[in-house]
Amino acid sequence: MKKRVVITGMGVVAPNAIGLANFEDAIRKGKSGIRFEEELERLKFSCQIAGKPQVSEEKIAEYFTPLQLRGLNSSGIVYGVIAGTDAWRDAGLKIEETEQPDWDSGIIFGTGILGVDKFREAIHLIDAGKTRRLGSTSVMQTMASGISAYLGGILGCGNQVTTNSSACTTGTEALLMGFERIASGKAKRMLVGSCSDHGPYVWGGFDAMRILPSKYNEKPAEASRPMSSSAAGFVPGSGAGALMLEDYETAQARGAKIYCEVLGGATNSGGQRGGGSMTAANSEAVIKCIKDAIQFSGISAEEIDVINGHLTATTRDALEIENWKKALKNDDFPYINSLKGMTGHCLAASGSIECVASVLQIAKKFIFGNTNCEDLNPEISALISEEKVPRKTLEKPVNILVKASFGFGDVNAVAIFKKI
Amino acid sequence: MKEKEILDSLKKIVSPYVQRKEGLENFNEKTDFIKDLEVNSANLVDVILDVEDEFDIEIDNDSMSGMLTVGDAKNIIERKLASA
């Protein structure tokens with residue numbers, strides 16, 4: 001029998017805020033987390049701005065033992081462990097120091113590439129013939145599953161503990177994978193989320209592709225402009241988001257607070273066919289993914305109040321809106337917003353950070369305003385009414401919200417959340 | 001270098017990796033890194049690196065595999081220092 005799945009805890013480390021309360025405040029106010037990065041200037045990047053969470057040494061020390069901190073040089077692990085641990089605690093779960101793992105709880109925590117700075121350290125030592133100087137932690141800090149392994153050890157999870165990777169789709173996909181595991185009765189609880197390292201070695205490839213904005217180095221807060229006619233490319237970001245998914249009955253039985261229900265969703269790929277490529281989405285697949293998610297969730301398109309889009313702030317934002325319009329076939333288009341105006345594009349972490357922002361809107365009854373979108377792209381206003389792209393935060397109850405992520409490799413994920 | 005100085009340095013070096021703190025209270029040549037101090041076996045390679053840095057010596061893989069107790073470590077350090 002299919003189990004219902006709810007969200008009972010969340011954690012977030014975003015460029016514009018750390019922790020749920022700060023994050024809610026930041027997104028209500030449209031606070032930007034995009035800053036000028038001297039390092040990127042020194043390295044002659046075209047785009048010298050980025051979204052990097054401001055995590056203090058004191059904060060890090062709250063989550064890692066002194067031993068774990070020795071030689072730790074993997075920002076993705078730092079962000080992921082903070083967000084994941086916060087979600088676990090927010091759900092009212094304890095961190096038990098028992099011999100027996102918690103067989104009912106698992107983790108699916110994704111990433112794009114992990115521990116890039118640690119890997120660079122290792123490469124320099126190896127090239128200098130000093131491989132044995134690497135010490136013991138370079139493997140766990142650079143393996144993709146390093147983040148789920150770290151969290152698994154801290155929390156003592158005994159169910160499936162794994163890592164997924166699907167570019168910008170990673171976080172939303174992780175949520176749906178965890179959803180399926182609980183819905184099918186294989187786990188009672190799944191901590192899902194994703195993280196992304198910061199720094200020039202992660203962002204350089206995008207700069208080389210010339211898909212990042214280069215004319216906003218002096219005004220970082222204005223650089224990320226989803227749906228704007230002056231959108232000039234996405235601003236690279238980093239961070240982590242985490243959500244505690246739980247079987248509804250189990251959550252109820254232990255009296256847990258419930259943020260919302262996950263109705264389900266869909267993942268697919270355009271196969272890099274029909275206009276899709278390594279870097280561009282096949283529109284037919286995007287439309288199919290949205291339609292499949294709606295059908296699976298047993299709702300109708302008319303019931304959707306808000307879309308939290310992928311919307312990265314490139315010229316392709318208009319095409320995404322067009323795809324939404326074709327998929328929903330709804331005269332009354334829902335409200336639509338993009339978090340990336342405030343955080344930039346946090347790459348593998350974007351899906352989970354945006355899922356946290358999505359769930360907060362349902363739980364706290366608001367629709368955050370789109371920043372840097374005063375000049376709405378006319379191709380978008382030709383498709384939907386301007387009022388559906390709020391520029392200021394609206395205090396409005398949200399019943400059903402659709403969250404989408406579309407990634408490199410022509411991969412898609414759409415998740416549907418409902419107030420409970 | 002006196003034996004006691006070496007043992008004191010070793011105790012300091014190994015401390016951050018020790019999971020069984022009681023083992024440190026009775027730190028002597030017979031103390032076994034894994035059994036008495038519960039140093040994670042992966043972390044033993046970090047202990048070796050710290051020892052190398054502290055005493056400015058190099059410990060080859062063969063010597064490392066024979067380093068089970070604090071006494072073994074002390075002997076290896078003394079030997080390396082003498083031949084340096």
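The values are calculated or read from the model by the stated rules, or taken from the named source; none is laboratory data. All figures in this text were calculated on a predicted structure; none of them were measured in a lab. Every residue, glycine among them, receives a Cβ derived from its backbone with ideal geometry; neighbour counts consider all protein chains shown. For the accessible areas, the whole protein counts, side chains as well, though only heavy atoms, and no ligand, DNA or RNA atoms are used. Shrake-Rupley method; radii C 1.70, N 1.55, O 1.52, S 1.80 Å.
Does residue A:72 satisfy the criteria of being in contact (Cβ under 8 Å) with a residue 12 or more places away in the chain and within 14 Å of chain B (Cβ to nearest Cβ)? Yes; evaluated as a whole, the condition is true for this residue.
Taking every residue in the stretch A:175-190 that is of a type in the set (Lys, Arg) and pairing it with any residue that is part of a helix (DSSP H, G or I), at least 6 positions away or on another chain, the pairs with Cβ-Cβ distances below 6 Å are A:188/A:250.
The numbered conditions (1) within 14 Å of chain A (Cβ to nearest Cβ); (2) surrounded by fewer than 14 Cβ atoms within 10 Å (Cβ to Cβ) are all true for residue B:22 except (1). Pairs meeting the criteria (first residue in the stretch A:196-224 and basic (Lys, Arg), second residue surrounded by 22 or more Cβ atoms within 10 Å (Cβ to Cβ), beta carbons under 8 Å, at least 6 apart or on different chains) are A:210/A:233. Does residue A:143 satisfy the criteria of being of a type in the set (A, V, I, L, M), out of contact with any helix residue (DSSP H, G or I) (no Cβ under 9 Å at 6 or more places or on another chain) and either open to solvent by 10 Å² or more (accessible area, probe 1.4 Å) or farther than 30 Å from residue A:121 by Cα (or both)? No, not satisfied. Whether a residue is out of contact with any helix residue (DSSP H, G or I) (no Cβ under 6 Å at 6 or more places or on another chain) and either within 24 Å of residue A:72 (Cα to Cα) or polar (S, T, N, Q) (or both) was assessed, and residue B:75 passes this test. The set of residues in the stretch A:307-349 that are surrounded by fewer than 24 Cβ atoms within 10 Å (Cβ to Cβ) and within 26 Å of residue A:114 (Cβ to Cβ) comprises A:312, A:314.
Determine which member of the set B:34, B:77 is surrounded by 16 or more Cβ atoms within 10 Å (Cβ to Cβ) and either more than 14 Å from chain A (Cβ to nearest Cβ) or touching a residue at least 24 places away in the same chain (Cβ under 8 Å) (or both).
Numbers: B:34 fails: surrounded by 16 or more Cβ atoms within 10 Å (Cβ to Cβ).
Just one listed residue meets the conditions, B:77.
Checking each residue in the stretch B:41-63 for being surrounded by 13 or more Cβ atoms within 10 Å (Cβ to Cβ) and either more than 10 Å from every other protein chain (Cβ to nearest Cβ) or farther than 23 Å from residue B:19 by Cβ (or both) picks out B:51, B:54, B:55, B:57, B:63.
Would the stretch B:3-14 turn up any residue that is under 20 Å from residue A:70 (Cβ atoms), surrounded by 14 or more Cβ atoms within 10 Å (Cβ to Cβ), modelled with pLDDT of 95 or more and within 14 Å of chain A (Cβ to nearest Cβ)? Even if it seems obvious, please write down each step before you answer.
In the first step, residues of the stretch B:3-14 are kept if they are under 20 Å from residue A:70 (Cβ atoms); the result is B:9-14.
Right, trim to surrounded by 14 or more Cβ atoms within 10 Å (Cβ to Cβ) and you get B:9-11, B:13-14.
Imposing the further condition that a residue be modelled with pLDDT of 95 or more reduces the set to B:9-11, B:13-14.
Narrowing further to those that are within 14 Å of chain A (Cβ to nearest Cβ): B:13-14.
Yes, the stretch B:3-14 contains a residue that is under 20 Å from residue A:70 (Cβ atoms), surrounded by 14 or more Cβ atoms within 10 Å (Cβ to Cβ), modelled with pLDDT of 95 or more and within 14 Å of chain A (Cβ to nearest Cβ).
For the stretch A:246-267, a residue qualifies if it is in contact with a Leu (Cβ under 7 Å, 6 or more places away or on another chain) and not β-branched (Val, Ile, Thr), and exactly one does: A:265.
Selection of helices (runs of 4 or more DSSP H) fully inside the stretch A:49-108 by the criterion of at least 1 residues being under 30 Å from residue A:219 (Cβ atoms), modelled with pLDDT under 95 and among the hydrophobic types (A, V, I, L, M, F, W, C) returns nothing.
Out of all the residues in the stretch A:174-198, which are more than 20 Å from residue A:247 (Cβ to Cβ) and open to solvent by 20 Å² or more (accessible area, probe 1.4 Å)?
From the stretch A:174-198, those more than 20 Å from residue A:247 (Cβ to Cβ) are A:194-198; that's our starting set.
A:198, the sole residue that qualifies.
Count, please, the residues in the stretch A:315-370 that happen to be assigned to a loop (DSSP other than H, G, I, E, B) and within 19 Å of the chain's Cα centre (by Cα). It would help to see each step written out before you state the result.
Taking the stretch A:315-370 first, the residues assigned to a loop (DSSP other than H, G, I, E, B) are A:315-316, A:329-334, A:338-339, A:344, A:346, A:365-366, A:368-370.
If we keep only those that are within 19 Å of the chain's Cα centre (by Cα) too, we end up with A:338-339, A:344, A:346, A:368-370.
Number of matching residues: 7.
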